[in-house]
1. In region B:218-229, how many residues are over 18 Å from A:SER287 (Cα atoms) and outside any loop (DSSP other than H, G, I, E, B)?
2. Output the residues belonging to region B:192-206 that are more than 11 Å from every other protein chain (Cβ to nearest Cβ) and open to solvent by 10 Å² or more (accessible area, probe 1.4 Å).
3. Right, B:ALA225: modelled with pLDDT of 95 or more and either farther than 30 Å from A:LEU245 by Cα or open to solvent by less than 10 Å² (accessible area, probe 1.4 Å) (or both) or not?
4. Quick one: which helices (runs of 4 or more DSSP H) sit completely within region B:1-108 and have at least 1 residues that are among the β-branched types (Val, Ile, Thr), over 23 Å from B:THR181 (Cβ atoms) and open to solvent by less than 10 Å² (accessible area, probe 1.4 Å)?
5. If we scan region A:375-396, do we find a residue that is more than 14 Å from chain B (Cβ to nearest Cβ), open to solvent by 10 Å² or more (accessible area, probe 1.4 Å) and among the hydrophobic types (A, V, I, L, M, F, W, C)?
6. Looking only at region B:117-140, count how many residues are of a type in the set (S, T, N, Q) and surrounded by fewer than 24 Cβ atoms within 10 Å (Cβ to Cβ).
7. Look through B:GLY85, B:GLY28, B:GLY93 and report the one residue that is in contact with a Leu (Cβ under 8 Å, 6 or more places away or on another chain), in the same structural domain as B:VAL371 (by TED's automatic domain parsing) and closer than 21 Å to B:GLU186 by Cα.
8. Between A:VAL228, A:VAL200, A:VAL247, which is assigned by TED's automatic domain parsing to the domain that holds A:GLU386 and among the β-branched types (Val, Ile, Thr)?
Number of protein chains: 2
Amino acid sequence: MTSPANDVVARLLELSALGRYDGGIDRGLATPPERAARERFAYWARRAGFTLSQDVVGNLFARRSGMHDVAPIVVGSHLDTVRTGGAYDGAYGVVGALCALQILDRDKCVTTRPVEAVAWAGEEGSRFPLGCLGSSVFAGLTSEGDALALRDNDGISLNAALQSRESGSLPDVPVRPRQETAAYLELHVEQGPVLEAAGVSLGVVTAIAAQRRYRAIVKGASGHAGTVPMERRSDALCGAADIVLAVEREARSSAGAVATVGHVKVEPNGTNIIPLRVSLSVDIRSSEDARVEHIERALQTVIAETERRRGVQIALERLEVRAAAPMDARLRAALHRSCAAIGQPALDITSGAGHDATCLSRVAPAAMLFVPSVGGVSHIGAERTEDRDLELGVAVLAAAIIEVDRDLGQN
Amino acid sequence: MTSPANDVVARLLELSALGRYDGGIDRGLATPPERAARERFAYWARRAGFTLSQDVVGNLFARRSGMHDVAPIVVGSHLDTVRTGGAYDGAYGVVGALCALQILDRDKCVTTRPVEAVAWAGEEGSRFPLGCLGSSVFAGLTSEGDALALRDNDGISLNAALQSRESGSLPDVPVRPRQETAAYLELHVEQGPVLEAAGVSLGVVTAIAAQRRYRAIVKGASGHAGTVPMERRSDALCGAADIVLAVEREARSSAGAVATVGHVKVEPNGTNIIPLRVSLSVDIRSSEDARVEHIERALQTVIAETERRRGVQIALERLEVRAAAPMDARLRAALHRSCAAIGQPALDITSGAGHDATCLSRVAPAAMLFVPSVGGVSHIGAERTEDRDLELGVAVLAAAIIEVDRDLGQN
């Protein structure tokens, strides 16, 4: 007989068909495949006897009752994907949450508090231009009105998309207002190489990293590649190369920080023309806000020096500042105890990627459990986690729910 | 009364209307505007009493007879432009050649040899994928058949384009076979900042630089910008930045050489993704072949070191190797004497850009005269040379033709 923890593999396989194409899985919020994924969630929840509800921005909840009708323990993740996504990022945490609730059923476990599995709407920001859309509204960081007014690249609003028969809210699920949360747990694939490299199947997240994103624009002087002597050049690409290497150097010298230039646009980008203008993305992350701040300041020093030395102008524009989200110490301890109880060591790990848990941590104690990503890769069709690790994660999550319920008591 | 040397300004203004759009002038070989430019050339030449002929690839000649029917002195440049070209690159040398022949008429100058003004077909390679197309065929470096078989981006062959009524060869001009050339002179805008910076109106080209073009491909390992620790990265863009700076450094340390990375393509080029693969163009030029060779070797050393240090793979593919084309000493001396005769100092200068004179120098003594480019810019709609400098160049060219004719004698 299949146990609920085994079901996680079969269910992820089922979901992976929704939105699949030759470039991976494309399952943006309020598209037909994403709606189909919510329908599967609702089907599994109903069959298990859980109570469904949704809110106006598309967050979907399956509730398992507790002894008392108090603020629930919420467990979940998201069903949407990036445009070239894989089968595990997000979906694992949603399916895993449902399976964990079913393990509580199987074990005839009565919790003090209700426990809810949740599928947050639009974590990836791949269709509507806001990451962690559903959890941000849930946590009161974004208003419902602002979220519903967001438009995709075709000018369709989230509001209109959620009204659609093919892709919108589920017609037979009641809509409920925002509610309090006693604690939040999220199960997720690591999306990086750390657990695999350590040979460990479970990671307890200490903090979701602070992140700052910038656009750097280097403006130099163009000219013919054959006719302008080297000493008369202000080559924007050479200035950009200085910045790329400075970003790397500063992150390397700050323990645990990462920094990346991922996007480059060179103008006019002709083989025969000295670059006039280069636009770079800069992304800096660390579990400590102060380290991100420090790297930014070091970068500004390099920029001033590069401007002087090369006769270029460099503008560094901050696009986004996210503070670090430390995970709750009591929940982390509960996760560690649950790992230890099944004889699995767990590694403390920083999450460089953002998650719905970032938003939830602003309004409730929150923590995350990671399982390894094969090859450390994610956001591609080939992202994968071993079945055994998927099942371990669900088992630990179920045990941790019980631990946390016990810790929290009734108030 | 307008002198022929003044005419150069009016004629360039007239040609600048042909192919003009908001991005500059687009006058590719065997397009309607380029055909219209050849028609203007033919009109001016006929009105002056010169004899027109053309060859099968679209080179167009206007002959002023000499005392003897021997190999002519050929003077000219090209009428085609890059896709965002200006009014001077090429057109100046063609119109200037016609005007110089008219100065000989005005001055009732009888030369020993015939003198021909020529408009070479397709120097820029902006429509058919071969630079210096017409002069290369004329010099026997490319066969007529190979040239006529070249196709543009729409699959149209040069042969078909030259048959077209709207854009092809001039219907009323006789076609002639290839012929010997006694000497070649080309008047051109500098396309760089050297003359302007020196405050000098005339430059005598010592050599057209050797040029090598490469594609460098850096392959690293991709990954999530937030989840891969710095010490586990093989970031292709950081490797590419090392190369960009090495290209610059090696050229700076080799007197008179220039080297440029002008084109960059990053994959996948996402703000959130460590670059997997970066493709770079590398262009190295020097008046001395040995210096280009030396920079290439230095670059290969840097590449090997970068591969080792970063765990990336770097392929450097040579796309083009052009030897330096030293200009003829006797012709250069004649140009210098002609400058001195009108009290204008001339600067010796290397041409970093390629020109039709490169091909001609393989089959005849060849030399070039430069006039300044305002702001050192070229290949853009705003390229410009002062009227006074345009007229000076034509006057010196006319004088140099007489000097060269005298030097060469009859044999």
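1. Of the residues in region B:218-229, 3 are over 18 Å from A:SER287 (Cα atoms) and outside any loop (DSSP other than H, G, I, E, B).
2. Answer for region B:192-206, where residues must be more than 11 Å from every other protein chain (Cβ to nearest Cβ) and open to solvent by 10 Å² or more (accessible area, probe 1.4 Å): B:ALA198, B:GLY199, B:VAL200, B:SER201, B:THR206.
3. So B:ALA225 fails the test.
4. The helices (runs of 4 or more DSSP H) meeting that bar are B:4-15.
5. There is at least one residue in region A:375-396 that is more than 14 Å from chain B (Cβ to nearest Cβ), open to solvent by 10 Å² or more (accessible area, probe 1.4 Å) and among the hydrophobic types (A, V, I, L, M, F, W, C).
6. Residues in region B:117-140 being of a type in the set (S, T, N, Q) and surrounded by fewer than 24 Cβ atoms within 10 Å (Cβ to Cβ): 1 in total.
7. Only one candidate passes the filter, namely B:GLY93.
8. A:VAL200
The values are calculated or read from the model by the stated rules, or taken from the named source; none is laboratory data. Just so it is clear, the structure is predicted and the values come from calculations on it, not from any experiment. Note that each Cβ is placed from the backbone with ideal geometry, even for glycine, and that neighbours are counted across all protein chains shown. Accessible surface areas use protein heavy atoms only, side chains included; no ligands, DNA or RNA. Shrake-Rupley method; radii C 1.70, N 1.55, O 1.52, S 1.80 Å.
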